[in-house]
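Note sheet for the following structure.
What follows is calculated from the coordinates using simple rules that are stated; it is not laboratory data. The structure presented is a predicted model; accordingly, all values stated were derived computationally and were not measured. Ideal geometry is used to build each Cβ from the backbone, glycine not excepted, and the neighbour counts take in all protein chains shown.
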Amino acid sequence: MDRSDLAHMIAARLAGDRARLAAAYANPVGTTTRHAIIDEMLPGEVASRIAAAFGPADAHFQRRDTFRERKRTCTALDSLDLILKEISFALQQPAVLAEVAAITAMGNLEPDASLYAGGLSIMGRGDFLNPHVDNSHDAARERYRRLNLLYYVTSDWHEENGGNLELWDEKVKYPKTLPSLFNRLVLMETNRTSWHSVSPVTVDAQRCCVSSYYFSAVSPDMTDYFHITGFTACPEQPLRRVLSDVDAVARNFAGGVLGLGRGKDKVYKS
């Protein structure tokens with residue numbers, strides 16, 4: 001099964017539920033970030049095959065462990081089971097992009113063959129991702145990031161396991177929780193106020209995700225701007241929030257003025 005087969009199945013699933021997804025995306029509840037949820041995105045046996053292909057995190061998954069985040073990521077897809085590479089690129093195929101564009105009413109979306117900041121991630125007990133807004137651009141700083149596609153593939157995952165996507169209000173006070181359930185795809189917009197996080201994993205199991213992003217030549221608000229991934233902290237962590245704010249200013253200066261630390265290496269490596 002290759003990326004074309006997978007893309008055909010994904011596009012058909014999206015097309016079959018387009019009206020509901022478009023309505024949900026245009027009218028978010030509990031958050032200002034527009035989003036849509038697609039459950040049972042692929043046939044169960046296909047999703048199970050993808051889940052099994054992750055296996056335990058090995059040397060190809062790089063550990064990221066700071067006060068901002070703790071997880072393992074991988075863009076060296078050629079070193080893993082072929083289906084992980086194929087599902088990653090299936091989400092970038094024209095048929096899928098066209099359906100996502102129809103759902104979100106974004107007519108200027110472009111795929112990203114480099115999978116910049118995308119690829120695969122594994123989170124285990126205690127892993128987390130603090131509230132943040134994503135890097136505004138692609139690796140070349142030529143296009144604006146517009147949409148995140150997050151596909152969750154851990155069998156028998158439950159909300160109480162943690163590792164759930166959280167969409168926050170603009171002041172990062174109140175989250176809306178989207179459980180990272182098996183075979184679920186979440187489409188979410190990304191802009192200067194689309195704060196989101198991942199709650200800490202609370203069980204001895206792996207929460208696995210395939211991430212992909214779409215870009216466009218114009219920004220979400222039609223103005224020119226740039227920022228790196230900016231982190232803050234949850235409301236119950238006031239000291240960490242202060243530290244994160246100072247850290248974000250410093251890192252944004254390094255990335256915007258000096259061109260440092262923008263994660264240009266976070267691309268697909270063949």
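Data for the structure
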{"read-out": "Set of the range 144-180 residues, backbone N closer than 17 Å to the point 7 Å along the Cα-Cβ line of T193", "value": "167-176"}
{"read-out": "Theoretical gain in end-to-end length, R125 to N252 [0.36 nm per residue, Cα-Cα removed]", "value": "42.7 nm"}
{"read-out": "Segment R64-D17, length gained on full extension (0.36 nm per residue, minus Cα span)", "value": "13.3 nm"}
{"read-out": "Using θ = phi - 60° and Karplus 6.51 cos²θ - 1.76 cosθ + 1.60, couplings along the range 169-183 (whole Hz; Gly, Pro as x)", "value": "6, 5, 9, 6, 10, 10, x, 10, 8, 10, x, 7, 6, 4, 6"}
{"read-out": "Mean residue ellipticity (222 nm) of the chain, computed from DSSP H runs ≥ 4 via -39,500 (n - 2.57), nearest 500", "value": "-8500 deg cm²/dmol"}
{"read-out": "Aspartates and glutamates whose Cα lies under 13 Å from that of K173, excluding same-chain neighbours fewer than 8 positions away", "value": "E236"}
{"read-out": "Extension gain (nm, one decimal) between D39 and E170, 0.36 nm per residue minus Cα-Cα", "value": "44.5 nm"}
{"read-out": "Within-14-Å neighbourhood charge of G107 [Cβ basis; K, R +1; D, E -1]", "value": "-1"}
{"read-out": "Residues of type aspartates and glutamates that K85 reaches as a straight line, Cα spacing below 19 Å, ignoring anything fewer than 8 places off in the same chain", "value": "D2, D5, E45, D58, D112, D265"}
{"read-out": "Label-zone membership for the range 185-202, site N27, 7 angstrom Cα→C-beta point, backbone N under 20 Å", "value": "187-189"}
{"read-out": "Along principal axes, Cα extents of the range 90-202, largest first, whole Å", "value": "38, 33, 25"}
